[in-house]
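The values are calculated or read from the model by the stated rules, or taken from the named source; none is laboratory data. Note that the structure is a prediction, hence the values are computed from the model and not measured. Here the Cβ positions follow ideal geometry from the backbone for every residue, glycine too, while neighbour counts run over all protein chains shown. Ligands, DNA and RNA are stripped out before the accessible areas are found, and what is left, the full protein with its side chains, is counted by its heavy atoms. Shrake-Rupley method; radii C 1.70, N 1.55, O 1.52, S 1.80 Å.
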Amino acid sequence: MRYYPRTRGRIFYRGALLTVAFVVAIFGLLEARPLSKVDAAQITTRSITMSSSNAAAAANSNTYQIRFTAASSYTVKAIVVDFCSNDPIVGDATCTAPTGFDVGGATPTIITSSGTDPTLSATLGTGWTGAGTNLITGSQYRTLTITNSTGVAVTSASVVSFDMSNVTNPTTVGSFYARILTYTTTTTGYAPGSEGSYSDYGGVALSTAALITITSRVQEQLSFCVYISSCGTAATLNLGDSHDVLSTTAPAIAAGATYGVYYSLSTNASHGAMVYLKGSTLTSGAYTIPAAGSSAFTYSGVNNDFFGLCTYNSALTAGSAPTVIGEYQGVGAGGTCAGATNNSGGTLSTTNLGTPYATFGFNSTNTGSTYGDQLASIAAPGSSVNAIVLAAGVNATQGDGIYSTTLQLIATGAY
Amino acid sequence: MSFGKFRYRSVTAVVIMVMLLVLAGPNFLSSFKVHAVDGQITSRSIQMGDDSSNTSGGTTKYQVTFKPYTSATIYGVIVDFCNTDPIPGDVCTAPTGFSDYVTTASASNVSGLSGTWVAAQANSGRTFEYTNASGQSMPTSTAVSFAINNVTNPTVVGTFYARIFTFNSNSGAGSATQWLTTANGTDITNDFDYGGIALSVAATINVTSKVQEQITFCVYISSCGTAATVNLGDSHDVLSTTAPAVASGATYGVFYSLSTNASNGAVVYLKGATLTSGANTIPAAGATPYLYSGTNNDFFGLCSYNSAVTVGSAPTIPSSEYQGTSNGGTCSGLATLSDVNTTQTTAALGATYATFGFNSTNTTSTYGDELAAITAPGASVNAVVLAAGVSVTQASGVYTTTLQLIATGTY
């Protein structure tokens, strides 16, 4: 066993005492370190709501709402919100700024009154000034401090809330943090690890996240159907009395659900669509029944030699009803195309034209051209069902024969 | 004899004496005391319920255990707590701050004792007295044990002592009552068996750790870190007028994982606009559950459901438009019916149909529209099912949108 002289033993003993005292002191300091003020308490129900979780959001385009419930009663005159990438622990001497982050420059915009931000249900009121501190780079700051020399009295139940706009999100996806501290003076003396004499404190974790990017396509569409009873059925009609014979004393009318011709038009063409009428008048060998013409044709009584048509909107699903070119509107005599009565295959009567008479048109010059004659059009996307009323009459000198024609309706969308 | 030999022999004699003293032990030491009839109790201990120095006024229990040295009828036991030593006959000073009672002395957890034993304190809480007027026969083989209740530990860290005495008389000489007439604890004429015990209060181990506020939030398709890019439509990403396109399931659905220790939970907000192509938009499904009714349904919406819960509860979806269940269907029922980039069929909506929502008024507000929430800490993975359909009049174009899910923890 080694022998220690008395003096050496004393030195050893005193050294041990000093070591113990030192260790005790260190433990004491560590335990006290989070609280620079012994009565400081942690704020509750604290959150920071971000207006965007996008790490690539434009600089100074985001708004953060800071909200918490005070932990004690005092007059708050300053609030510090320090944003860190490493941790939210008040008392930690290191606060590394989140990459790319900025509280909104040296003079961040803060909103403390619901007068400017209706989403704030509890506010600090007016008179607050914001300042960015702890310069990161350029004009980007890490720490927001808001102050009000008058202050606002809070209690342990007071909800405190304010917005800070012009925030630049961190440019990396993931978690980052904020440390919130309140003060009863406008001079905070705040620095990480040496926070000054603060009243309440608390940490918050936030996160940026990946965006959901959705892409879909809508293709150009045009649905056009010509039919008598339903789309897909033939549009073949016999115009005349029960023997398909035209009359010299009354017009034959093909209208209504049984005999009328319909076309349905649906399109998403942004500039709408046009419907062209193409074909010739009724013809039998060398004979033709005169076309009603390019202006509204009014049946005048008997011996009216004509073939024409008018059109009207029957049903509208989307958009507007097609606009009809003048001679095909049927209204030249004050009547309506829609008022024409179906008598095709039945007894022919002038009352079939409606009261007053509907009128008809058939611009054979145009209908015989390459692309036909414009019958109707829509100027925007739409979906509709439209009727075409066909009418013909003959005079006593009209050559006999079986008259026929094939008409086309051609729809053209303008996208 | 030389001085050297004399010194050698003297040292040897001293060593031998010390060895004898050590071998004789307490019996030798106590032999200087004159007990009435005495022997040292054996297997003695006092187990402390708390060994921290007491500065807060809290109390604990001391479990006293021993075996009698001599088989006899015992009428009393005294435990005297002393600051200086456990040696009977020495003056006993109470340890600083020590007390063996609060209002009255009491004992509990008794074994080896029968009959009626009455607890009392003396000397301002320094001395604990436990007596039975009828006495009890105690063999040397039976351990006696009882707990002294409501003990206040010394306030000074370090060693203190207890002296245990038994008494074979109920009154007069040899009784605990007689022993207590000497207040400083020095009486060794009335006790029967005796024994000393050293105890100690020690520094507590104070452990401080910090748990920081945490939120881990990830939005992805296949795994966290992958992009959440969805092409919604048929094999050409084209939306249909006759059936909806649905992006759901592991391949195409969008997932978000949310883990937080926020004591008041967290809220997930949905932010963004409906599908847009230049000036054209596909109508948002709206603020009420949207039901696809057949064909030509122009809408863009979503519903959400919990996919997995690791900790806590699954998020609740406060707004019915995002629950997907209003038509009797389930949003989660779409998980296996992904038809993105395949032929569109109404079956993709499940049977019965799920419903969708997209409250564009709220989703385009500053902080977005609340999609889901948890009210306590938790960890979960949740799916977001996207759906869209168009009418025949929906303007053609490439429609896109960028949605954000924003998580806000409330700590």
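Farthest towards the positive end of the charge dipole of the protein assembly as shown, among the residues B:Ser240, B:Ser360, A:Ile66, is the Cα of A:Ile66, using unit charges on the Cβ of Lys, Arg, Asp and Glu.
Reported to the nearest whole Å, the Cα centre-to-centre distance from the range B:166-217 to the range A:189-257 is 87.
Put the Cα centre of the range A:312-347 next to the Cα centre of the range B:287-335 and the gap is 46 Å.
Please give the FRET efficiency for A:Val245 paired with B:Asn280, using the beta carbon to beta carbon distance and R0 = 45 Å, rounded to the nearest 0.05.
Efficiency for this residue pair is about 0.25.
Taking label points 7 Å from Cα along the Cα-to-Cβ direction, B:Thr96 and A:Ser230 give a separation of 10.5 nm.
I'd like to check one number: the per residue accessible area of the protein assembly as shown, probe 1.4 Å, reported in Å² as a whole number.
Working: 35480 Å² over 826 residues.
In whole numbers, the protein assembly as shown has 43 Å² accessible per residue.
With contacts taken as Cα pairs under 8 Å at a separation of at least 6 residues, the range A:209-297 carries a relative contact order of 27 percent. Over the Cα atoms of chain B, what is the Rg over Rh ratio if Rh follows Kirkwood? Expressed as Rg/Rh, it is 1.47. Per-atom-type breakdown for the range B:98-227 gives carbon and sulfur 50% of the accessible area (1.4 Å probe, protein chains only). Projected label points at B:Thr226 and B:Ala308, each 7 Å from Cα along the beta carbon direction, are separated by 1.3 nanometres.
Given a 1.4 Å probe and the protein chains as shown, A:Cys84 ends up with an accessible area of around 0 Å².
Counting only helical runs of four or more DSSP H residues, what would the 222 nm mean residue ellipticity of chain A come to if each run contributes -39,500 (n - 2.57) and the total is spread over all its residues?
-2500 deg cm²/dmol
Within the range A:205-242, the residues that become at least 50 Å² less accessible when every protein chain is included than when their own chain is isolated (1.4 Å probe; DNA, RNA and ligands ignored) are A:Ala205, A:Ser207, A:Ala210, A:Leu211, A:Ile212, A:Thr213, A:Ile214, A:Thr215, A:Ser216, A:Arg217, A:Val218, A:Gln221. Working note: Karplus 6.51/-1.76/1.60 with θ = phi - 60° gives the range B:174-181 the couplings x, 10, 4, 4, 5, 4, 6, 5 Hz, where Gly and Pro are set to x.
Based on DSSP, what percent of beta bridges with both residues in the range A:286-410 are antiparallel, to the nearest 5? Antiparallel: roughly 95 percent of the beta bridges in the range A:286-410.
I want to make sure I understand the PRE zone here: with the label point 7 angstrom from the Cα of A:Asn238 toward its beta carbon, which residues in the range A:378-407 have backbone N atoms less than 16 Å away? What the label zone holds, given the 16 Å backbone N cut-off, is A:401-405. With the cut-off at under 11 Å, measuring from each backbone N in the range B:56-74 to a point 7 Å along the Cα-to-Cβ line of B:Ala143 picks out B:64-67. Site pair B:Ser365 and B:Ser108 shows an inter-label distance of 5.6 nm when each label is modelled 7 Å from Cα along Cα→Cβ. Across peptide A:380-387, the average count of Cβ atoms from other chains found within 10 Å of a residue's Cβ is 2. Counting Cβ atoms of other protein chains within 10 Å of each Cβ in A:269-278 and taking the mean gives 1.
Any number yet on Rg/Rh for the range A:371-415, C-alpha, Kirkwood? Could the numbers behind the result be given before it?
On the way: Rg = 16.2 Å, Rh = 14.5 Å.
Rounded to two decimals, Rg over Rh is 1.12.
What is the calculated FRET efficiency for A:Ser72 to A:Thr94, with r their C-beta to C-beta distance and R₀ = 30 Å, to the nearest 0.05?
Here the calculated transfer efficiency is 0.65.
For chains A and B, what's the summed buried accessible area, probe 1.4 Å, to the nearest 100 square angstrom? Mind showing how you got there, number by number?
Values: alone 20260 and 19550 Å², together 35480 Å².
Between A and B, the summed buried area is about 4300 Å².
A Förster radius of 60 Å, combined with the Cβ-Cβ distance separating A:Ser158 from A:Ile402, puts the computed FRET efficiency at roughly 0.05. Pair-distance distribution P(r) for chain A, from all Cα-Cα distances in 10 Å bins starting at 0: 5, 17, 16, 7, 5, 7, 9, 11, 10, 6, 3, 2, 1, 1, 0, 0 percent.
Using a 1.4 Å probe on the protein heavy atoms, what percent of the accessible area of chain A belongs to carbon and sulfur? Present the calculation step by step, with values, prior to reporting the outcome.
Details: 9900 of 18120 Å².
Carbon with sulfur: 55 percent of the solvent-accessible area.
Summing Lys and Arg as +1 and Asp and Glu as -1 over all other residues whose Cβ lies under 14 Å from the Cβ of A:Val81 gives a net charge of -2.
Rounding to the nearest 20 debye, state how big the charge dipole of the protein assembly as shown is about its Cα centre with +1 on each Lys and Arg Cβ and -1 on each Asp and Glu Cβ. Walk me through the numbers before you get to the answer.
Working: 25 positive and 36 negative charges, 780 e Å.
Rounded to the nearest 20 debye, it is 3740 debye.
Using alpha-carbon pairs under 8 Å, 6+ residues apart, how would you state the relative contact order of chain A in percent? Could you put the intermediate results ahead of the total?
On the way: 1094 pairs, mean separation 70.0, N = 415.
Relative contact order for chain A comes out at 17 percent.
Against the criterion of solvent-accessible heavy-atom surface with a 1.4 angstrom probe, A:Arg67, B:Arg163, A:Arg217 sort, most first, into A:Arg217, A:Arg67, B:Arg163. Protein-only accessible surface at a 1.4 angstrom probe places the residues A:Ser161, A:Ser264, A:Ser61 in the order A:Ser61, A:Ser264, A:Ser161, largest first.
Is there a simple number for the mean count of other chain Cβ atoms within 10 Å of the Cβ of residues in B:365-371, and what is it? Walk me through the numbers on the way to the answer.
On the way: counts 3, 12, 9, 5, 0, 0, 0.
Going residue by residue through B:365-371 and averaging, the value is 4.
Entry note, chain B: the mean residue ellipticity at 222 nm calculated from DSSP H runs of n ≥ 4, each adding -39500 (n - 2.57), is -3000 deg cm²/dmol after division by the residues and rounding to the nearest 500. Computed over every Cα-Cα pair of the range A:207-264 and binned at 5 Å starting from 0, the pair-distance distribution P(r) comes out as 4, 14, 15, 12, 9, 8, 6, 4, 5, 4, 4, 4, 3, 3, 2, 1, 1, 0 percent. May I ask for log10 I(q)/I(0) of the protein assembly as shown at q = 0.08, 0.10 Å⁻¹, from a Debye sum over the Cα atoms as equal point scatterers with solvent left out? Log10 of I(q)/I(0), two decimals: -0.91, -1.02.
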